[in-house]
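Just below is one structure, and these are the notes that go with it.
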Amino acid sequence: MQHLHQHYIAGQWSSPERPRLVDLINPATETVFATFAPGDGDDIDRAVCSARQALKAYAQTTRQERLDILRSIVDGYQRRMDDLVDAVMLEMGAPLTLARERQVPAGLLHLQQSIQALESYSFDTLHGSTLITREPIGVCGLITPWNWPLLQIACKVGPALAAGCTMILKSSECAPASASIFAEILHEAGVPPGVFNLVQGDGPTVGQALASHPGVDMVSFTGSTHAGILVAQATAGTVKRVHQKLGGKSPNILLDDTSFAAAVSHGAYACFANSGQSCNAPTRLLVPAGRQQEAARIAKRVAEDLVVDQPGSPATALGPVANKAQFTRVQNLIASGLREGATLIAGGLGRPAHLHRGYYVRPTVFADVHNRMAIAQEEIFGPVLSILPYESESEAIEKANDTSFGLSSYVTSADPEHARRIARQMRAGMVHLNGASSDPAAPFGGYKQSGNRRERGVFGLEEFLEIKSIFGYNQT
């Protein structure tokens, strides 16, 4: 964490134009564990200038040169994994097991996916006498969130480097430590000066300056839908490409023919994982009305069996939510569920009884939830599961799609073909059938207010490319 008081611009660490220090709070203890120095618009100006100066040379690099850079980054990332684990435990309260087995490896996985996509990608195709070529879009502003900090950084930086773009990263002000280590890795890997720049800071100051800057050709943003709207508004004056991956409120439909013991347990664990702080978490469990009590009993057992405790314990399944603002939001939405008449099955307001400090949330299950309740419509981003009963399959599909979001969805049935038919009717960018995991090479993104464009694999690479038609290229 040696560079938390500096930005990384033009291949060097430098202090902000107007230095000031902000406390970083450990969400597990509510104590200060470090300070960092946020930037401002002048720091963004310096970073954009650096990226523009580096663009001409880097955009002309060969596939092999970019592959060599990415492989060197992967090697450096693997050497620094213990440091990255420590960082995400401190800054977002990720339990040791989650940090070591999922949070940090996720960043490595998606750097490796960028290598695989670049190895075989065809930048040029002939269509008759016309050459259709894909070229780097230019200077990219990358804005990432705190909930999966390394995954999101890798899903943007990896394909941007593979495409031949230069970039300015603004990581979340809640997770600057892991971003600083990531920048150190790129520096040690020999990324040319100006190709990658890091400016730390908050959204209203640094994010706004980056999104509105006329020297930025594209903004890739991951975060809340509300913040995504502000980013889109900031970019409008310069008509740049805007790539957004926003919030979710994912439905999980269980059909009557499925094994509830397995399916409800799987869905509840997936909802609670990462303390509920995943945009694609299956937070709405739709079950046949006659089996709601059965589902509630199973979900209650899952919630009450989870070990919620200090992140450093290997036995801990759930740590705190990442910050005070998020803790307050989750508590307010649990309170709204109680006010609006949902039946509390497990959890509820306040911390677990054995924890007196830290932003810990009790894993919470509500039943008898209907679609007009706030807990059925708003992205809570905490370990809160809502059970919605349905009377017919058509009603289940209607309820599942009755949301402003459309990121992910889940369908479970003993009949795979039946599940496939329902998947076709989901208004979401992704559907998981019968507990299937995500495919890291498949496109990740959503419909409606869950954003636009896609990340990961070849699809993520193509987001950083412009398409050019050269007519009469193939003369015969």
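The values are calculated or read from the model by the stated rules, or taken from the named source; none is laboratory data. Since we're looking at a predicted model, the values are computed, not measured. When we count neighbours, we look across all protein chains shown, and the Cβ atoms used for this are built from the backbone with ideal geometry, even at glycine.
Answer yes if at least one residue in region 126-136 is out of contact with any Pro (no Cβ under 8 Å at 6 or more places or on another chain), assigned by TED's automatic domain parsing to the domain that holds LYS56, over 24 Å from ALA232 (Cβ atoms) and part of a loop (DSSP other than H, G, I, E, B), and no otherwise. Yes - at least one qualifying residue is present in region 126-136. Considering the conditions (1) out of contact with any helix residue (DSSP H, G or I) (no Cβ under 8 Å at 6 or more places or on another chain); (2) in contact (Cβ under 8 Å) with a residue 60 or more places away in the chain, PRO38 is excluded by exactly one of them, (1). Consider region 69-124 and keep the residues that are within 18 Å of the chain's Cα centre (by Cα) and acidic (Asp, Glu). The one that is nearest to THR316 (Cα to Cα) is GLU101. Of all residues in region 292-299, at least one satisfies being touching a Leu at 6+ places or on another chain (Cβ under 8 Å), in a helix (DSSP H, G or I) and of a type in the set (A, V, I, L, M). Close Cβ contacts (under 6 Å, 6 or more residues apart or on different chains) running from residues in region 346-359 that are in a strand (DSSP E or B) to residues that are crowded, with 16+ Cβ neighbours inside 10 Å comprise ALA346/LYS300; ALA346/ALA303; ALA346/VAL365. Would it be correct to say that THR316 is under 26 Å from the mean Cα position of the chain (by Cα), closer than 27 Å to GLN425 by Cα and β-branched (Val, Ile, Thr)? Considered against the rule, which asks whether it is under 26 Å from the mean Cα position of the chain (by Cα), closer than 27 Å to GLN425 by Cα and β-branched (Val, Ile, Thr), THR316 comes out as no.
Can you work out which of the residues in region 186-209 that are β-branched (Val, Ile, Thr) and either touching a Ser or Thr at 6+ places or on another chain (Cβ under 9 Å) or crowded, with 24+ Cβ neighbours inside 10 Å (or both) is farthest from GLY141 (Cα to Cα)?
The residue in question is VAL191.
Considering region 203-232, and only residues there that are assigned to a loop (DSSP other than H, G, I, E, B) and either modelled with pLDDT under 95 or aromatic (Phe, Trp, Tyr) (or both), the residue that is nearest to HIS3 (Cα to Cα) turns out to be GLY223. Counting just the residues of region 317-333 that are β-branched (Val, Ile, Thr) and part of a helix (DSSP H, G or I), which one comes out surrounded by the fewest Cβ atoms within 10 Å (Cβ to Cβ)? Only one residue fits best here, namely THR328.
Within region 167-201, no residue satisfies the criterion of being in a helix (DSSP H, G or I), touching a strand residue (DSSP E or B) at 6+ places or on another chain (Cβ under 6 Å) and more than 15 Å from LEU84 (Cα to Cα). VAL431 passes every criterion in (1) more than 20 Å from HIS243 (Cβ to Cβ); (2) in contact (Cβ under 8 Å) with a residue 60 or more places away in the chain; (3) of a type in the set (Val, Ile, Thr) apart from (2).
Quick one: in region 233-248, which of the residues that are assigned to a strand (DSSP E or B) and of a type in the set (Lys, Arg) is nearest to LYS56 (Cα to Cα)? Only one residue tops the list, namely ARG241. The residue list GLN60, GLN64 contains one member that is surrounded by fewer than 14 Cβ atoms within 10 Å (Cβ to Cβ) and more than 30 Å from ALA209 (Cα to Cα), which is GLN64.
Filter region 354-375 down to the residues that are within 13 Å of LEU338 (Cα to Cα) and of a type outside the set (Val, Ile, Thr), then identify the one that is surrounded by the most Cβ atoms within 10 Å (Cβ to Cβ). Among them, the one singled out is PHE366.
In this structure, SER336 qualifies as surrounded by fewer than 23 Cβ atoms within 10 Å (Cβ to Cβ) and either on the phi > 0 side of the Ramachandran plot or in contact (Cβ under 8 Å) with a residue 24 or more places away in the chain (or both).
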